[in-house]
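Structure first, then comments.
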Amino acid sequence: MSLLPKLWKIAILLCIPAMVTGCWSSVELNNRAFVNLVIVDQTDSGVELTLGIPLTNRLIPGFTGGTGEGGGQEPIAYVTRTGATLEEALQKIQGDIPRDVTFGQTHSIILGSRLAKQGIAPILEFVERNPLLRLNTNLFMVEGPVKSKVARMPSSFERFLASVLNGYIRNDQILSTTVKDMMYSEASGGDGLIPMLSFKTVDPSAKAGSPGGVGTAGAAILRKGKMVTNVLSPEETSSARLVLGQLKRYIYSAPSPTDGRNVGFYTSSLRTEIRPFRTRQGLGVTISSYSDAGIIASDSDIDLRKQQNIELLEKEINRIANKSLMEMIAKTRKSGADVFNFGHYLSVQYPKEWKTIQQDWRAYYKDRLEVRVDSVISLRRLGSSTDSFHNKLKVDEKEGDERTWNLSP
Amino acid sequence: MEPQSVTQGQLFKLFALHLFSTMIAFMLNIMLQSSGYNAPAGIMSGAILGLAFSFISYKLAMRRPDSFFIDYGRHILGKWLHYPLLLFIALSNLMIAIINIWELQDVLTQFYLVGTPSWAIASLCGICIAYTVRFGVKSVFRAAEGLFFISLLSFLIIPVVVSENFEWFSGKGMITQFSLREMWPSAYYTSSVFGEMSFVLFIFPFLQSPAKTFRSLTSSMIVSSVVVILHVVPLLLIFGPELASNLNFPELELLRFMRSGSFLETLDPALIALWLISIFVKLGFIVFIISLILARSCRLKDTKPFVFPITAFIAIGSLVVVKSNIQFKSMMSGGMLTMFVIAELIPVLYYLVDSIQIKYASRKRASSP
């Protein structure tokens with residue numbers, strides 16, 4: 001008698017797991033196509049959308065040998081369709097592939113320069129509205145038609161281009177711009193820098209004659225979501241990354257103030273501060289960057305044991321840094337694109353004054369904003385040696401050829 | 001009914017969960033929209049205001065800590081006023097529950113359970129809530145006690161993992177753009193949520209050492225307002241007020257903003273699951289209050305018979321009352337909040353009338369001999 005209610009209870013308990021909410025509209029993993037790269041470009045016939053989808057059936061290690069070797073199959077498919085709008089192209093792709101397109105794994109969007117010139121607002125809107133796409137999706141740009149370059153790209157370090165791009169971002173090797181950065185403020189919305197990728201450099205491990213692999217290039221300047229003609233060179237992009245606080249480590253050489261020969265430095269950026277200020281003439285911003293530098297090579301005669309020489313070098317590298325920062329900022333100002341969001345800083349610091357200039361902020365940025373840069377690089381490390389090795393060689397030259405290197409005193 | 005079965009620790013944990021779970025999950029968007037940089041200050045002052053509501057309610061309850069307000073209230077205002085007012089409180093609680101369930105299923109259908117019909121979500125949530133409440137006040141508070149630390153931890157971890165994206169400079173905006181007028185909408189909104197603590201009046205006979213109740217409420221207020229602020233400020237620092245107010249679920253975007261490629265990136269469903277249960281606890285308390293009002297008004301000893309019908313009503317109501325997000329927002333910015341605030345202020349009326357009566361009675365006693 002008492003067994004029956006118990007059985008009922010057990011039966012009900014067994015039914016409950018079936019009601020676990022996910023089971024209602026579950027989509028099998030096998031039925032999903034995980035997009036790891038979105039490429040959008042403009043062609044004559046409309047918006048061209050390419051989705052990079054890893055092919056799970058070719059992902060098994062051992063079956064795929066990286067690139068093209070011995071007829072190995074690529075573990076990724078690039079599906080391209082063209083439509084009048086982004087949505088239309090997406091619907092065409094979904095209509096043609098047998099799996100459910102899922103954006104949950106998408107971290108990068110590559111834009112074609114032609115599309116960027118027409119405006120990237122539809123893409124930003126698409127990402128913001130789509131619940132699966134994240135606001136920290138990274139944006140990249142490629143000059144010219146993207147699709148053909150990407151599809152031919154061999155890759156040996158990573159299997160997918162998307163992983164290469166993630167690596168660039170993870171290791172701070174490239175300017176990083178997310179969808180959020182482009183939409184951050186209303187006054188300068190759509191102004192920003194988008195890192196460019198180049199497909200010219202040859203992949204270090206590829207065979208001779210194979211097509212170019214991916215590499216980092218400069219950055220495109222966008223104004224109101226549209227790419228302007230001016231482009232930042234790779235060096236200028238590094239300065240821009242310094243302003244954005246993204247440049248962690250940078251290697252360069254500068255002429256020594258004593259004899260004009262090159263000294264190689266590396267700087268580890270500590271932090272960058274952007275501080276608005278107010279003068280009688282109007283508003284301005286000061287960009288102060290603080291970095292530590294070290295010497296990695298020296299061709300110069302300069303005696304690095306003397307404090308005054310170190311100070312001379314510091315002065316020189318600070319001068320160079322300030323100059324390149326100013327040049328880079330002048331370039332963005334010429335385009336009238338507030339790519340560093342200075343408007344946001346001003347609006348936070350001086351809300352009252354900001355209200356008066358908000359309407360034509362871009363024009364103000366272009367012509368009237370006072371920008372000061374103040375780079376503070378302190379030379380802290382000389383590496384493992386003090387004197388230049390070069391100097392020792394010169395001693396040898398003077399004393400005649402019969403003496404070989406003698407490094408001992 | 002089990003008198004004095006709820007400890008003060010449980011009370012503190014329930015209200016803390018009660019206050020921060022839905023504030024963070026659903027309400028930040030409206031506050032950022034109306035207050036921008038002043039949202040944190042608004043939340044802080046609203047929380048204090050809400051606590052002030054509950055202080056009066058606590059004062060009233062402490063005069064008769066062992067009996068039910070539902071019973072003695074009629075001696076204060078008379079039954080013709082008392083029962084309609086109780087009904088009004090019950091209805092506003094019902095509305096709060098309906099709104100919360102609607103928001104819950106709105107988030108779930110948009111982000112996680114795409115394609116699942118909303119009636120399925122509403123009924124499953126309803127079953128969970130109904131079962132918690134059915135076993136009485138003790139089980140509601142036990143659930144809160146069990147969940148509190150893990151839920152608090154999950155809410156505290158979010159600001160930490162997104163902190164690398166902070167634009168610290170934006171924090172200055174909270175000082176430079178300070179404005180009482182912009183602050184007020186958030187303060188009002190928050191006070192309507194924190195004022196729900198005044199419903200503690202109904203469960204006084206269940207509490208151990210009732211004199212300490214206000215201390216527990218104050219700690220709940222402090223803990224939950226700090227947690228809420230720890231979520232609003234990151235939103236301001238990462239998205240800025242302009243972008244953040246344009247997001248329908250800013251908190252969810254914040255969660256998903258963690259550094260891409262890290263293992264935490266896909267953690268959001270786990271955190272959402274914890275939200276869900278915290279909200280269940282909140283709704284459990286609300287359903288309990290409603291069923292208690294109905295049961296005591298009908299002179300029933302037990303709340304059990306009311307629990308299922310009320311939960312079913314709430315679940316169905318959530319499917320019927322609100323049709324879309326836009327409609328919901330226009331509803332919340334209008335009279336709905338005032339309705340909640342009025343319901344929370346009803347104990348004040350009782351307190352005033354009761355005080356006058358006591359004074360009158362003592363004067364009468366003093367003058368009679």
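Data overview
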read-out: Subset of A:226/A:366; A:323/A:355; A:224/B:172 violating a 28 Å alpha-carbon distance limit; value: A:323/A:355
read-out: Acute angle (nearest 10 degrees) that the helix B:268-297 long axis makes with the longest principal axis of chain B, alpha-carbon atoms; value: 20 degrees
read-out: Within-14-Å neighbourhood charge of residue B:24 [Cβ basis; K, R +1; D, E -1]; value: -3
read-out: Length-normalised contact order for chain B - Cα pairs under 8 Å, 6+ apart - percent; value: 41 percent
read-out: Which of B:181, A:305, A:114, A:129 is most accessible, then next, and so on - probe 1.4 Å; value: B:181, A:129, A:305, A:114
read-out: Radius 12 Å from Cβ of residue A:54, net charge of other residues (Lys, Arg +1; Asp, Glu -1); value: +2
read-out: Surface accessible to a 1.4 Å probe, per residue, for the residues of the protein assembly as shown, Å²; value: 46 Å²
read-out: Computed accessible area, residue A:198, all protein chains, 1.4 angstrom probe, square angstrom; value: 20 Å²
read-out: In degrees, nearest ten, helix B:335-367 long axis to first principal axis of chain B (Cα); value: 30 degrees
read-out: On Cα atoms only, tilt of B:39-63 relative to the major axis of chain B in degrees; value: 20 degrees
read-out: Value at 222 nm in deg cm²/dmol, rounded to 500, when DSSP H runs of n ≥ 4 in chain B each add -39,500 (n - 2.57); value: -25000 deg cm²/dmol
read-out: Volume of the Cα convex hull of the protein assembly as shown, divided per residue and given in Å³; value: 264 Å³
read-out: Under 27 Å, Cα to Cα: Lys pairs in the stretch B:237-340, sequence gap 8 or more or different chains; value: 4
read-out: Solvent-accessible area of residue A:15 with every protein chain in place, 1.4 Å probe, in Å² to the nearest 10; value: 80 Å²
read-out: Rh (Kirkwood; distinct C-alpha pairs) - chain B, Å; value: 21.2 Å
read-out: Candidate lysines for bridging to residue B:59, where Cα separation is under 18 Å - those fewer than 8 sequence places away on the same chain excluded; value: B:212, B:359
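The values are calculated or read from the model by the stated rules, or taken from the named source; none is laboratory data. Keep in mind the model is a prediction, meaning the values are calculated, not measured. Because the Cβ atoms are built from the backbone with ideal geometry, glycine has one as well, and the counts that use them run over all protein chains shown. The protein model used for the area step is the full one, side chains on, heavy atoms only, and it has no ligands, DNA or RNA in it. Shrake-Rupley method; radii C 1.70, N 1.55, O 1.52, S 1.80 Å.
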